[in-house]
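First the structure, in the form of structure tokens, and then the observations on it.
Derivation of every value follows stated rules applied to the coordinates shown; laboratory data play no part. Being a predicted model, the structure only gives us computed values, none of them experimental.
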Ligand SMILES: CC(C)(COP(=O)(O)OP(=O)(O)OC[C@H]1O[C@@H](n2cnc3c(N)ncnc32)[C@H](O)[C@@H]1OP(=O)(O)O)[C@@H](O)C(=O)NCCC(=O)NCCS
């Protein structure tokens, strides 16, 4: 597996992966405008030529939001998301904290974040359109 930065040229591949295995994924327009902010970090994991995982983060002055992380279903449980997170953290030089929101019922993701040093700091009630709560996690970098 290799991990590399992705650019706006990769949006179709990123969308295809997000739409396939991650219902909360962004659409193409949202991704393009995120790349255009200049504060967006997007990395992909590859098995040969095949994109098998993506992480997206938005950077501000001294903190960053982890917007999304997804691994293709058939590659889950093999360390792909861990490798993507480690790569993204290296790109976030100068950033003190990494924040994220996750659905309260997304137990694999919650377990993944806890294993990787994130701590729950708050709950956003009915944050998602379907009424599910969001848990807010933070990691000091
Ligand atoms: C969450 C997700 C990104 C994890 O990806 P992954 O590549 O399978 O993760 P890794 O193999 O690096 O897992 C690292 C650790 O996370 C935890 N973990 C991952 N999947 C898990 C699961 N299904 N159940 C419980 N813990 C899990 C484990 O602690 C695991 O360590 P271990 O293998 O030593 O037990 C993946 O399940 C996914 O794509 N889910 C759909 C998208 C999503 O919900 N993203 C998060 C919200 S943005």
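Can you classify the stretch 1-95 as rounded, prolate or oblate using the Cα gyration tensor, where a ≥ b ≥ c are the square roots of its eigenvalues, rounded means a/c under 1.5, and otherwise it's prolate if a/b beats b/c and oblate if not?
Details: a/c = 1.75, a/b = 1.23, b/c = 1.42.
Note, shape of the stretch 1-95 comes out oblate.
What 222 nm value per residue comes from the helices of the chain, counting each DSSP H run with n ≥ 4 as -39,500 (n - 2.57) and dividing by all residues, nearest 500 deg cm²/dmol? All intermediate terms of the calculation are to be shown ahead of the outcome.
Numbers: 4 runs with 41 residues, N = 141.
After summing the helix terms and dividing by the residues of the chain, the value is -8500 deg cm²/dmol.
Rounded to the nearest 5, what % of the DSSP beta bridges within the chain are antiparallel ones?
On the way: 31 of 34 bridges.
Of the beta bridges lying entirely in the chain, close to 90 percent run antiparallel.
For the stretch 2-140, calculate the relative contact order in percent as a whole number, restricting contacts to Cα pairs under 8 Å that are 6 or more residues apart.
Details: 236 pairs, mean separation 25.1, N = 139.
Over the stretch 2-140, the number comes to 18 percent.
If you take the square roots of the eigenvalues of the alpha-carbon gyration tensor of the stretch 28-141 and sort them as a ≥ b ≥ c, do you get rounded (a/c under 1.5), prolate (a/b over b/c) or oblate?
Here the stretch 28-141 falls in the rounded category.
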